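The values are calculated or read from the model by the stated rules, or taken from the named source; none is laboratory data. Keep in mind the model is a prediction, meaning the values are calculated, not measured. We place every Cβ from the backbone using ideal geometry, glycine too, and count neighbours over all the protein chains shown. Note: accessible area is taken over every heavy atom of the protein model, side chains too, but ligands, DNA and RNA are not part of it. Shrake-Rupley method; radii C 1.70, N 1.55, O 1.52, S 1.80 Å.
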Amino acid sequence: MKHELGDKARISHVIEAIENIEIILNNISFEEFSKNIEKKLAIERLLEIIGEATNHISEQVLYNSKTSSPWKKIIATRNMISHEYFRVDESLLYEIATKNMMPLKKDIQTIVKDLDKYLK
């Protein structure tokens, strides 16, 4: 079992990364994204942070919450970006960053709201 402060810190990292993705991709089309190396690298890094932080949130918190996020897939995405960087598809990065962040943010907010319940 991981320490409560660890879970809270990792959850905070996920929220911050999601908010940064929202800022970076605000009103950015795929065409603009695909031509902007800084945005692509920033999104890769932020998705890595989300996956790594998620990997260190206790299973008790992730899997007892009433959420629908694919936690194992989020972690696997981080591993793919980090270790199989040559296979990273920019259209997939953009899709994840633009379509999956709101549901993930809602799930993380649900976890934050009920965090004390999970850690007792």
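From the alpha carbon centroid of the range 1-52 to that of the range 57-120 is 11 Å. Stretching LEU115 away from VAL88 to a fully extended chain increases their span by 6.4 nm, per 0.36 nm per residue minus the current alpha-carbon distance. Candidate values (i) 34, 33, 22; (ii) 35, 28, 25; (iii) 48, 29, 21 were compared with Cα extents along the principal axes in Å computed on the shown model; the agreeing label is (iii).
Relative contact order of the chain: what whole-number percent is it, with Cα pairs under 8 angstrom and at least 6 residues apart?
After rounding, I find 35 percent.
In the chain, taking the dipole from charged Cβ atoms about the Cα centre, the farthest positive-side position among ILE18, VAL61, PHE30 is held by VAL61.
Per-residue accessible area (protein heavy atoms, 1.4 Å probe) orders ARG45, ARG10 as ARG45, ARG10, starting from the largest.
Ranking TYR63, TYR85 by solvent-accessible area of protein heavy atoms (1.4 Å probe, all protein chains present), from largest to smallest, gives TYR85, TYR63. The listed residues PHE33, PHE86, once ranked by accessible area (1.4 Å probe) with the largest placed first, stand as PHE86, PHE33. Seen from all directions on average, the range 54-120 presents a Cα convex hull projection of 4.7 nm².
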